[in-house]
Amino acid sequence: MKPFLRLSALGLAAILVACSGGSPKASVSPTNDAGRARLLLLTQADLPAGWRASRHRSDPVSDREDKKLAACIGAPDPARSVSADVFGDVFGQGAQTIASEVVFSRTTADATKAVAALKVRRVISCATAAVRPVLAEQLKLQGLSATIRSVSVKKRALAVKGVVTACRVVANLTASGAAITVQEDVVILARGRAQVRATYVDVGVAFPSGLELFVVKKLSGKLFHA
């Protein structure tokens, strides 16, 4: 199962206040894992008024680093262990974005191993090492001239049913002589073979905690009542 934090794609979208592109196509039938995954994604109805939806942008660089990070923390290889990986729309308001992704493992054993890997001590160092090259590549692809001054990843506590782990990624950049800080919170919930990941990005400040908790509870409700 894929544990990686997709800071770059969402962080740059927040800086540019834009997100577009195609999403991986999957069946909407609830009789297969892709269909079940779509039932667990965030929708417009889950958010307060004022949030605008745009399509998820595929990110092959993050896909590559997902595989490396899985190996680093001892999680199953996503290419072999995942039966469905579905992205929801990206919701934006100003510089803030919210996105969700649902992954199904092929077996319960793979899912159990993936969740256990998210709790190992080295997950922070592995994730920190993985974020920088992804962010650098995304800056290059976007044609942005920016210097990555620092990247940090820290665990957070979030007492909501189903939450396996939560963390905050902070990337400090310099672009055109100006300092820019992008903060991304990542929350991962799991039940059975399903893993639900939510990401929250803001620029300059941390994402509002009240709204983040509200959305996490929405996802928890979907996961345990689907």
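The values are calculated or read from the model by the stated rules, or taken from the named source; none is laboratory data. Being a predicted model, the structure only gives us computed values, none of them experimental. In this analysis, Cβ positions are derived from the backbone assuming ideal geometry, glycine residues included, and neighbour counts consider all displayed protein chains.
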Problem set entry | Yes/no for R38 being in a loop (DSSP other than H, G, I, E, B), at negative phi and of a type in the set (D, E, K, R) | no
Problem set entry | Output for the stretch 160-208, where each listed residue is of a type in the set (G, A, S), within 17 Å of L219 (Cα to Cα) and part of a loop (DSSP other than H, G, I, E, B) | G162, G192
For this session: Within the stretch 150-159, identify whether any single residue is in contact with a strand residue (DSSP E or B) (Cβ under 8 Å, 6 or more places away or on another chain), of a type in the set (S, T, Y) and over 24 Å from D89 (Cα atoms), and answer yes or no.
Result: yes
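Here's the yes/no breakdown for (1) exposed (fewer than 14 other Cβ atoms within 10 Å of the Cβ); (2) touching an Asp or Glu at 6+ places or on another chain (Cβ under 8 Å); (3) closer than 18 Å to L47 by Cβ:
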{"position": "N172", "(1), (2), (3)": "no, no, no"}
{"position": "Q183", "(1), (2), (3)": "no, yes, no"}
{"position": "V187", "(1), (2), (3)": "no, yes, yes"}
{"position": "R197", "(1), (2), (3)": "no, yes, yes"}
{"position": "G204", "(1), (2), (3)": "yes, no, no"}
{"position": "L211", "(1), (2), (3)": "no, no, yes"}
{"position": "K218", "(1), (2), (3)": "no, yes, yes"}
{"position": "H225", "(1), (2), (3)": "yes, no, no"}
Seminar exercise, completed: Of those in the stretch 121-148 that are among the β-branched types (V, I, T) and within 16 Å of E184 (Cα to Cα), the residue modelled with the lowest pLDDT is V134
Exercise. Can you tell me which residue in the stretch 16-51 is surrounded by the fewest Cβ atoms within 10 Å (Cβ to Cβ), limited to those that are over 26 Å from E137 (Cβ atoms) and modelled with pLDDT under 75?
Worked result: T31
For this session: Check S105, S54, S62 and return the single one that is modelled with pLDDT of 90 or more, polar (S, T, N, Q), within 30 Å of F214 (Cα to Cα) and under 16 Å from the mean Cα position of the chain (by Cα).
Result: S54
Problem set entry | the stretch 167-196, residues that are in contact (Cβ under 8 Å) with a residue 40 or more places away in the chain and closer than 30 Å to N32 by Cβ | V186, I188, A190, G192, R193, A194, Q195, V196
Exercise. Applying the selection to the stretch 57-78, what residues are polar (S, T, N, Q) and part of a helix (DSSP H, G or I)?
Worked result: S62
Problem set entry | Close pairs from the stretch 65-76: first closer than 20 Å to Q138 by Cβ, partner of a type in the set (F, W, Y) and crowded, with 22+ Cβ neighbours inside 10 Å, Cβ under 7 Å, at least 6 apart | E65/F4; D66/F4; L69/F4
